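The values are calculated or read from the model by the stated rules, or taken from the named source; none is laboratory data. As the structure is a computational prediction, the values presented were derived from the model and not from experiment. Cβ: placed from backbone, ideal geometry, glycine included. Neighbour counts: every protein chain shown. These accessible areas exclude ligands, DNA and RNA; they are computed on the full protein's heavy atoms, side chains included. Shrake-Rupley method; radii C 1.70, N 1.55, O 1.52, S 1.80 Å.
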Amino acid sequence: VRQAASSLHTGQEKEQTHLKIAYFLSKKLKENDPNQNVTHVVSQFNAAQGLITEDEEKEFVAELNFQAANSLKKSAAFSSAKEYLEVAVKILPINTKTTNYKLYFDINKEYAECAYLAGEFKAANNKCKELFKYAKTNLEKSDILRLQSLQYVIIGKLNKAIQASLKSLSYLGI
């Protein structure tokens with residue numbers, strides 16, 4: 001399939017072929033186990049990102065990237081999972097923060113966690129700071145601070161880890 005798509009001449013033709021393959025595979029995915037071959041489907045959609053323009057379609061592809069990342073994370077493939085989450089963050093419609101906040105929050109939190117697990121502490125910390133601004137509940141804020149605390153422990157910033165942990169607990173009323 002990849003070779004056939006790659007043999008096409010123009011970028012537009014390649015993207016259209018990838019999109020057709022993605023929709024075909026996504027129908028098969030819905031008929032079977034939803035986690036079966038999700039990375040294959042997502043790879044096809046990601047190769048056709050330029051043609052995915054409708055917000056509903058973008059959210060669907062972002063959700064599939066999220067599912068693929070979760071599968072990879074369970075296999076300890078943190079860097080690969082982070083790559084799928086980068087695509088999910090990139091493709092999410094701008095208004096997702098308000099129209100589908102849970103999806104927005106979950107994808108970004110998972111990105112921060114995978115970046116941390118992949119050893120990309122700066123990216124993880126930046127995403128935590130960004131996400132903290134949009135957190136709506138004390139539980140979400142506490143969870144972000146818990147993640148930052150773990151990051152600080154790993155990089156040896158124990159005072160910051162303690163501060164983040166205490167602040168995290170304060171959001172839980174402890």
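The table below gives the values:
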| quantity | calculated |
| --- | --- |
| Gap separating the Cα centres of segment 118-134 and segment 49-86, nearest whole Å | 18 Å |
| With every protein chain in place, segment 76-174: carbon and sulfur % of accessible area (1.4 Å) | 57 percent |
| For the chain, accessible area per residue (1.4 Å probe, heavy atoms of protein chains only), Å² | 57 Å² |
| Between 0 and 90°, nearest 10: helix 121-134 axis offset from the chain longest Cα axis | 80 degrees |
| Restricting segment 62-145 to trypsin sites (Lys or Arg not before Pro) in coil, as DSSP defines it, with at most 13 other Cβ within 10 Å | K136 |
| Mean ellipticity per residue at 222 nm, deg cm²/dmol - from DSSP H runs of n ≥ 4 across the chain, formula -39500 (n - 2.57) | -25000 deg cm²/dmol |
| 0 to 90° range, to nearest 10: angle between helix 78-91 axis and the chain longest Cα axis | 70 degrees |
| When each of K97/K157; K30/K58; K30/K90 is checked by Cα-Cα distance, pairs over 21 Å | K97/K157; K30/K90 |
| Folded to 0 to 90 degrees: helix 11-31 orientation relative to the chain principal axis, Cα | 70 degrees |
